[in-house]
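Notes follow once the structure below has been shown.
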Amino acid sequence: MRATSFIASLAIGAAIGLGLTWLTTADGYGPDVVTAGAWKAWPKSGTDDADPYARAALARQGTVPLELADGLAFIARTDDAGRPLDGRCDIRLSGRMPQARYWTLTLADEKGRLIANPAARYGLTSAEALWSGDGSIDIALAPKARPGNWLPTGDRGRLMLTLRLYDAPVGIANRTDDPPETPKITTERCP
C-alpha cells in the first residue's frame, strides 16, 4: 500500500512539474523576458546564465539561440493591441528599428516554420529594406503583393515574426525598465 502511494505521488508530482514547465515555456523561453511593445526577447537564453526554463524551451524546439555577444532575437506573436497576428489580415510594421549593425526579419507560421509562397520571400534584411528619409521603416505583411517592403503571409492563420539584431549594443538586452525602440505592429484590415 505504501509503495503504491509513493509511486502515485511521484507520478502526480512529475506530471505537475512537467505541465508547469510546458506552460511556462509555451510562449517563449521562460520568465527572463525583455518586452518592447508586442516584441519579446530572452537575452540570457543563449548564455551560460540561461535559466532552466529557457534550456527546456530550447530543447523542446530543437533550436540554437543567438549568443548575447552575437545578437538578440525579438519575437512577436501579436500586434501592439494584443491581437494575434493573422495571415489573412493586412498588418503593418512601422517606425524605427533598434540599434544594430545588421538585422533580419523573418515571418513564420505559429510553429516557427517558414511560409511557402510563390514569391519565395521569407524575410527581409536591413541591407535590402527600403528606408524612409527620416530613418524609419514601413513593412507590409499581407496575403497579396504590396509595393515597397512586403512579406507574403500565405493567407495563413496565426503568424510569428522574429527580428534578429546582430552586433547590437549589449545594453539593449539589459534594460528592462527602458526597452529598445522597436517597430509598431498594427493590424490594418482583417476580413
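The values are calculated or read from the model by the stated rules, or taken from the named source; none is laboratory data. The structure presented is a predicted model; accordingly, all values stated were derived computationally and were not measured. Here the Cβ is made from the backbone with ideal geometry for all residues, glycine too, and neighbour counts use every protein chain on show.
None of Ala168, Ala108, Ala145 is assigned to a strand (DSSP E or B) and at negative phi except Ala108. Note on segment 78-93: residues that are surrounded by 15 or more Cβ atoms within 10 Å (Cβ to Cβ) and assigned to a strand (DSSP E or B) total 6. If you go through segment 96-106 and keep only what is more than 15 Å from the chain's Cα centre (by Cα) and more than 21 Å from Arg121 (Cβ to Cβ), you end up with Arg96, Gln99, Ala100, Arg101. Residue count for segment 110-156 under the criterion of being in contact (Cβ under 8 Å) with a residue 40 or more places away in the chain and among the aliphatic types (A, V, I, L, M): the result is 7.
Pull up segment 115-174, narrow it to residues that are of a type in the set (Asp, Glu) and modelled with pLDDT of 90 or more, then point me to the one that is surrounded by the most Cβ atoms within 10 Å (Cβ to Cβ). In this case the residue turns out to be Asp138.
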